Amino acid sequence: MPETERCRKCGSRPAQPGYETPLCRQCRQAMLHHRIPDGILVLVILILAGLALALVRLPRMLKGGAAYERGLTHERAGENAKAAQDFAAALRRFPNDTTVLAHLAIAYHHAGDDAAAQPLLRRLVGRTMSGELKQALSLCQQEINARRSAQPTP
Amino acid sequence: MGLINILTFPGVVVHELARRTFCRMARVAILDARYFGAGDPGGYIQYETPRKPWQFLMIEIGPFFVNTLLGAVIATPGVIPLLLFGIDSGSLPDYLLAWLGFSIAVHAFPTLDDAKLARDVAFARGTPALTQILFGPLSWAIYLGALGTLYWLELVYGLAVVILAPHLLLTRF
C-alpha cells in the first residue's frame with residue numbers, strides 16, 4: 001500500500017490530495033492568512049485614510065468642477081446670468097480660488113450686477129492670475145468706474 | 001524601476017495586498033510574501049500552484065483592476081482643481097491625493113514574467129473555453145501593458161488614469 005505524502009509544513013499530517021504543493025488542510029488554511037508585517041499595516045492604515053479623505057472630498061470637487069465647467073460654457077455662449085449662477089455654485093466648493101472669483105466677477109459685471117462684482121474685484125487685488133484674466137478684470141473695473149462717473153450725482 | 005518603486009511605494013503595497021486578497025478568495029495557500037522592498041520587483045507573493053486556471057488568472061489579473069480603480073478614486077478629488085485651475089492652484093491635500101492615486105495606478109501591471117505566464121495559462125490546452133473567453137483577451141492586453149513597462153509605460157498609464165478619470169467624471173456629472 002503506497003504511503004500518503006506528508007504535509008510539507010508540519011510534516012506530521014497527511015497532505016490534501018489534488019494539490020501540487022503537499023500541504024495538510026490545517027496548514028493550507030493557516031497559509032491563506034499570511035501575516036502582514038506591522039510596518040505594512042501602518043501603511044495600509046495611511047492608504048485607507050487617503051481613500052477616506054478622497055471619498056469625503058469627491059462629491060464637493062465633482063459638483064464644484066462641473067459647475068465651473070458649466071459656467072465656462074454659459075460664459076462662451078454669452079449667457080452671463082446663468083454663468084454667474086454656475087460660478088457662484090463653484091465658488092461655494094472652491095471658496096477662495098482666484099480663477100473662480102475672477103470669472104464670477106466678470107460674469108456679474110456682464111450680467112449688469114456691478115454691486116455683486118465690486119466686492120469680488122476688491123478681493124482679487126494683488127492676486128496672481130493669467131494675463132488674459134487680469135486684462136478682462138481690468139476692463140470690467142474700467143467699465144464699472146465709467147458707469148459710476150456717468151451716473152448723475154444727487 | 002527601483003527609484004520608481006521607492007517614490008510610489010503605496011502602489012507596490014496595494015498591488016501585493018490585492019494579490020494576497022485574491023489568493024485568499026481563490027483559497028490558494030501563500031508560501032512567502034514581501035509587501036514592499038527597495039529592489040526590483042518591489043514586492044512579491046509566492047503562492048502554491050492553483051488547481052484551476054481561473055484561480056491563477058484571477059490572482060494575476062485581479063490586482064490590475066484594484067490598482068486602477070483605487071488609483072482613480074483617490075486621485076480624482078485631488079486632480080480636479082489642478083486640471084481646472086492650473087497645477088499651482090492646489091492645496092496640500094490635493095497634491096497628496098494626486099500623488100497617492102498616481103502611485104497606486106502606476107503599479108497596476110504585473111511583472112512581465114507573471115503577465116507572460118498568465119497569457120500562457122489563459123490559452124493553455126487544458127484551460128476551459130469559458131475561462132479562455134473571459135480571460136484570454138484581457139491577459140493579452142495586460143501582457144502588452146507589462147511589456148510596455150520596459151519602456152516606462154507604467155508612468156504613462158498612471159498619468160492617464162489620474163487625468164482621464166476626473167475628466168470623464170466631470171463631463172458626465
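Just to verify a result, which residue in region A:31-57, among those that are surrounded by fewer than 16 Cβ atoms within 10 Å (Cβ to Cβ) and of a type in the set (D, E, K, R), is farthest from residue B:166 (Cα to Cα)? This residue is A:35.
Here's the yes/no breakdown for (1) more than 21 Å from the chain's Cα centre (by Cα); (2) not small (Gly, Ala, Ser):
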position	(1), (2)
A:85	no, yes
A:92	no, yes
A:97	no, yes
A:100	no, yes
A:113	yes, yes
A:119	yes, yes
A:130	yes, no
A:137	yes, yes
A:141	yes, yes
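Residues of region B:6-38 being assigned to a helix (DSSP H, G or I) and closer than 20 Å to residue A:16 by Cβ, which ones? Residues satisfying the conditions are B:23, B:24, B:25. Exactly one residue out of B:109, B:135 is of a type in the set (Phe, Trp, Tyr) and either modelled with pLDDT of 95 or more or not in a helix (DSSP H, G or I) (or both), and it is B:109.
Would you point out the residue of region A:13-43, among those that are touching a residue at least 12 places away in the same chain (Cβ under 8 Å) and assigned to a loop (DSSP other than H, G, I, E, B), that is farthest from residue B:51 (Cα to Cα)? So, considering only residues that are touching a residue at least 12 places away in the same chain (Cβ under 8 Å) and assigned to a loop (DSSP other than H, G, I, E, B), the one farthest from residue B:51 (Cα to Cα) is A:13.
Residues of region B:90-106 that are farther than 20 Å from residue B:157 by Cβ and assigned to a helix (DSSP H, G or I): B:92, B:93, B:94, B:95, B:96.
Figure legend. Inter-residue proximity from region A:44-64: first residues more than 7 Å from chain B (Cβ to nearest Cβ), second residues small (Gly, Ala, Ser), beta-carbon distance below 6 Å, spacing 6+ or different chains. Indicated pairs: A:64/A:90.
Taking (1) more than 14 Å from chain A (Cβ to nearest Cβ); (2) closer than 18 Å to residue B:44 by Cα; (3) hydrophobic (A, V, I, L, M, F, W, C) in turn, residue B:124 satisfies each apart from (2). Restricting region B:27-40 to residues that are touching a strand residue (DSSP E or B) at 6+ places or on another chain (Cβ under 9 Å) and surrounded by 15 or more Cβ atoms within 10 Å (Cβ to Cβ), the residue that is farthest from the other protein chains (Cβ to nearest Cβ) is B:37.
Summed over region B:90-121, the residues that are within 7 Å of chain A (Cβ to nearest Cβ) and in contact (Cβ under 8 Å) with a residue 60 or more places away in the chain give a count of 1. Here residue B:87 qualifies as in a loop (DSSP other than H, G, I, E, B), free of Cβ contacts under 8 Å to residues at least 12 places away in the same chain and either touching a strand residue (DSSP E or B) at 6+ places or on another chain (Cβ under 8 Å) or surrounded by fewer than 17 Cβ atoms within 10 Å (Cβ to Cβ) (or both).
Restricting region B:112-127 to residues that are more than 15 Å from the chain's Cα centre (by Cα) and small (Gly, Ala, Ser), the residue that is surrounded by the most Cβ atoms within 10 Å (Cβ to Cβ) is B:122.
So that you can scan it fast, the table gives a plain yes or no per residue for (1) facing another protein chain (nearest Cβ under 9 Å); (2) at pLDDT 95 or above:
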residue: B:10; (1), (2): yes, yes
residue: B:13; (1), (2): yes, yes
residue: B:21; (1), (2): no, yes
residue: B:49; (1), (2): yes, no
residue: B:65; (1), (2): no, yes
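Surrounded by 19 or more Cβ atoms within 10 Å (Cβ to Cβ), farther than 17 Å from residue B:85 by Cβ and touching a helix residue (DSSP H, G or I) at 6+ places or on another chain (Cβ under 7 Å): which single residue out of A:68, A:108 fits that description? Only one candidate passes the filter, namely A:108.
The values are calculated or read from the model by the stated rules, or taken from the named source; none is laboratory data. From a predicted model like this one, the values you see are computed outputs, not experimental measurements. Note: ideal-geometry Cβ built from the backbone for every residue, glycine included; neighbour counts use all protein chains shown.
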